[in-house]
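S.K.: Before I ask anything, here is the structure I am working with.
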Amino acid sequence: MIRTALLAAAALLAAPLQAEGAPAGEPIEAPGPQGPLSGTLLRASASAGGGGEGPAALIIPGSGPTDRDGNNPLGVAAAPYRLLAEALLERGIATVRIDKRGMFASKAAVADANAAIIPDYVADTAAWVAATRKATGAACIWLIGHSEGGLVALVAAQEVPDLCGLVLVAAPGRPLGDVIKAQLRANPANFVIIPATDAAIDKLAAGQRVDPSALPQPLQGLFAPALQGFLISLFSYDPADLAATTKLPLLIVQGGKDIQVPVADAERLAAANPAAKLVVLPDLNHVLKDIAGTTPAENLAAYRDPALPLGKGMGEAIADFITE
């Protein structure tokens with residue numbers, strides 16, 4: 001079985017639940033192509049006793065059916081984005097976290113969530129930046145992109161006005177096709193399908209579609225026809241090249257126990273932009289939780305545990321960078 005959180009395609013129609021004891025957020029919308037995009041605003045001034053708005057950040061979710069809290073129906077229930085938003089709220093930073101177009105409470109925005117490509121997510125980011133500025137009064141908005149959302153943030157930095165800077169969290173530093181190749185190679189059971197996988201990824205990266213029926217059965221869902229437009233778009237970007245041309249303040253946060261995106265990716269991003277700040281949190285995993293041990297089972301268990309707190313130093317690193 002192929003296991004990767006960077007490639008998932010499904011849409012779940014459900015609104016995220018409010019965690020017991022969590023700060024109450026306000027609903028916020030941005031215009032989508034066919035209907036509204038939906039999110040949650042945590043307004044920092046509410047916890048600061050008034051005194052005006054502080055900085056504001058937009059949290060851009062990672063791949064597949066990932067909701068505004070950072071959960072998805074493919075086995076992630078860790079609520080990393082909600083926990084991050086709450087940590088930033090304590091430091092006076094407002095956040096907007098969002099449901100992607102065609103999914104969850106943003107389902108009406110498009111008819112087919114699988115048809116979205118990276119430029120579509122960049123257009124949605126622009127709409128969310130405008131909506132967040134209007135709601136908070138902030139002069140400019142920070143982008144916090146997690147995993148694939150880091151790539152969206154890097155592309156948005158080239159096109160979207162009114163940005164303060166970028167925070168990339170567990171973001172790939174190589175073309176996503178290379179990341180997927182490495183993920184599959186990490187499981188020895190995938191050895192027999194590696195040549196077919198590499199050929200399919202290389203063809204998509206060249207802008208050409210592949211015939212899934214000619215692929216081994218485990219790959220047919222990964223390279224389903226409905227996903228290939230997105231994959232062609234996804235594989236066309238090199239995050240390090242984008243980081244090199246980014247003029248905005250840039251923070252790169254990476255976990256030392258991330259089993260999906262290694263520290264080397266963060267180092268590649270930082271090397272591409274000498275002005276960037278790199279923070280490596282040694283015990284942090286991909287869903288922003290600290291892991292004591294080193295076994296894959298322990299790491300993956302944290303994906304399903306919303307009771308685990310946000311990794312130590314995670315909120316502080318981002319809040320310090322933004323407030324500086």
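S.K.: What do you reckon, is I193 surrounded by 14 or more Cβ atoms within 10 Å (Cβ to Cβ), aliphatic (A, V, I, L, M), touching a Lys or Arg at 6+ places or on another chain (Cβ under 7 Å) and touching a residue at least 24 places away in the same chain (Cβ under 8 Å)? If you could, list the steps in order and put the result at the bottom.
M.R.: Working: surrounded by 14 or more Cβ atoms within 10 Å (Cβ to Cβ): yes; aliphatic (A, V, I, L, M): yes; touching a Lys or Arg at 6+ places or on another chain (Cβ under 7 Å): no; touching a residue at least 24 places away in the same chain (Cβ under 8 Å): yes.
For I193, the condition - surrounded by 14 or more Cβ atoms within 10 Å (Cβ to Cβ), aliphatic (A, V, I, L, M), touching a Lys or Arg at 6+ places or on another chain (Cβ under 7 Å) and touching a residue at least 24 places away in the same chain (Cβ under 8 Å) - is not met.
S.K.: Which one of these does G54 not meet: (1) more than 29 Å from A205 (Cβ to Cβ); (2) assigned to a helix (DSSP H, G or I); (3) touching a helix residue (DSSP H, G or I) at 6+ places or on another chain (Cβ under 6 Å)?
M.R.: Failed condition: (2).
S.K.: Considering only segment 207-245, state which residues are hydrophobic (A, V, I, L, M, F, W, C) and more than 24 Å from the chain's Cα centre (by Cα). Quick ask: steps written out before the conclusion?
M.R.: As a first pass, look at segment 207-245 and keep what is hydrophobic (A, V, I, L, M, F, W, C): 210, 214-215, 219, 222-224, 226-227, 230-232, 234-235, 240, 242-244.
Of everything in segment 207-245, those that are hydrophobic (A, V, I, L, M, F, W, C) and more than 24 Å from the chain's Cα centre (by Cα) turn out to be V210, A214, L215.
S.K.: If you scan segment 161-180, which residues turn out to be touching a helix residue (DSSP H, G or I) at 6+ places or on another chain (Cβ under 7 Å) and loosely packed, with under 14 Cβ neighbours inside 10 Å?
M.R.: D162
S.K.: Criterion first (surrounded by 14 or more Cβ atoms within 10 Å (Cβ to Cβ) and in contact with a Gly (Cβ under 7 Å, 6 or more places away or on another chain)) does F230 satisfy it?
M.R.: No.
S.K.: Then there's this: Quick test of your reading of the structure: Q260 fulfils all but one of (1) assigned to a helix (DSSP H, G or I); (2) modelled with pLDDT under 95. Name the failing condition by number.
M.R.: It is condition (1) that Q260 fails.
S.K.: Sort through L234, L227, L222 and tell me the only one that's of a type outside the set (V, I, T) and under 25 Å from I252 (Cα atoms). Can you show your working first?
M.R.: Values: L227 fails: under 25 Å from I252 (Cα atoms); L222 fails: under 25 Å from I252 (Cα atoms).
Testing whether each residue is of a type outside the set (V, I, T) and under 25 Å from I252 (Cα atoms) leaves just L234.
S.K.: Here's a check for you: in segment 196-212, which residue that is aliphatic (A, V, I, L, M) and assigned to a loop (DSSP other than H, G, I, E, B) is surrounded by the most Cβ atoms within 10 Å (Cβ to Cβ)?
M.R.: V210
S.K.: Which of the residues belonging to segment 132-150 are of a type in the set (A, V, I, L, M) and touching a residue at least 40 places away in the same chain (Cβ under 8 Å)?
M.R.: Residues satisfying the conditions are A135, A138, I141, L143, I144.
S.K.: Further question on the same structure: Can you tell which of A30, A105, A46, A85 is surrounded by fewer than 24 Cβ atoms within 10 Å (Cβ to Cβ), at pLDDT 95 or above and either of a type in the set (S, T, Y) or not in a loop (DSSP other than H, G, I, E, B) (or both)?
M.R.: A105
S.K.: Check whether at least one residue in segment 248-255 is small (G, A, S) and outside any strand (DSSP E or B), and report yes or no.
M.R.: For segment 248-255, residues small (G, A, S) and outside any strand (DSSP E or B): absent.
S.K.: OK, next. Tell me the residue from V160, V129, V110, V167 that is within 15 Å of the chain's Cα centre (by Cα), at negative phi and touching a residue at least 12 places away in the same chain (Cβ under 8 Å), please.
M.R.: V167
S.K.: Test Q183 against the criterion of being over 24 Å from L58 (Cα atoms), at pLDDT below 95 and surrounded by 15 or more Cβ atoms within 10 Å (Cβ to Cβ), and give yes or no.
M.R.: Answer is yes for this residue.
S.K.: In this structure, is A77 touching a residue at least 40 places away in the same chain (Cβ under 8 Å) and surrounded by fewer than 24 Cβ atoms within 10 Å (Cβ to Cβ)?
M.R.: Answer is yes for this residue.
S.K.: Go through the residues of segment 284-294 one by one and say whether even a single one is in a helix (DSSP H, G or I) and within 28 Å of I144 (Cα to Cα).
M.R.: For segment 284-294, residues in a helix (DSSP H, G or I) and within 28 Å of I144 (Cα to Cα): absent.
S.K.: If you don't mind, another one. Are any residues in segment 135-149 crowded, with 24+ Cβ neighbours inside 10 Å and either among the aliphatic types (A, V, I, L, M) or closer than 18 Å to L88 by Cα (or both), and if so, which ones? If you could, list the steps in order and put the result at the bottom.
M.R.: Filtering segment 135-149 for residues crowded, with 24+ Cβ neighbours inside 10 Å gives 141-149.
Passing the criteria: I141, W142, L143, I144, G145, H146.
S.K.: Quick one: L250 ticks every box in (1) modelled with pLDDT under 95; (2) surrounded by 15 or more Cβ atoms within 10 Å (Cβ to Cβ); (3) not β-branched (V, I, T) bar one, so which box is it?
M.R.: Against the list (1) modelled with pLDDT under 95; (2) surrounded by 15 or more Cβ atoms within 10 Å (Cβ to Cβ); (3) not β-branched (V, I, T), L250 comes up short only on (1).
The values are calculated or read from the model by the stated rules, or taken from the named source; none is laboratory data. Everything numeric in this text was worked out from a predicted model, so none of it was measured. Note that each Cβ is placed from the backbone with ideal geometry, even for glycine, and that neighbours are counted across all protein chains shown.
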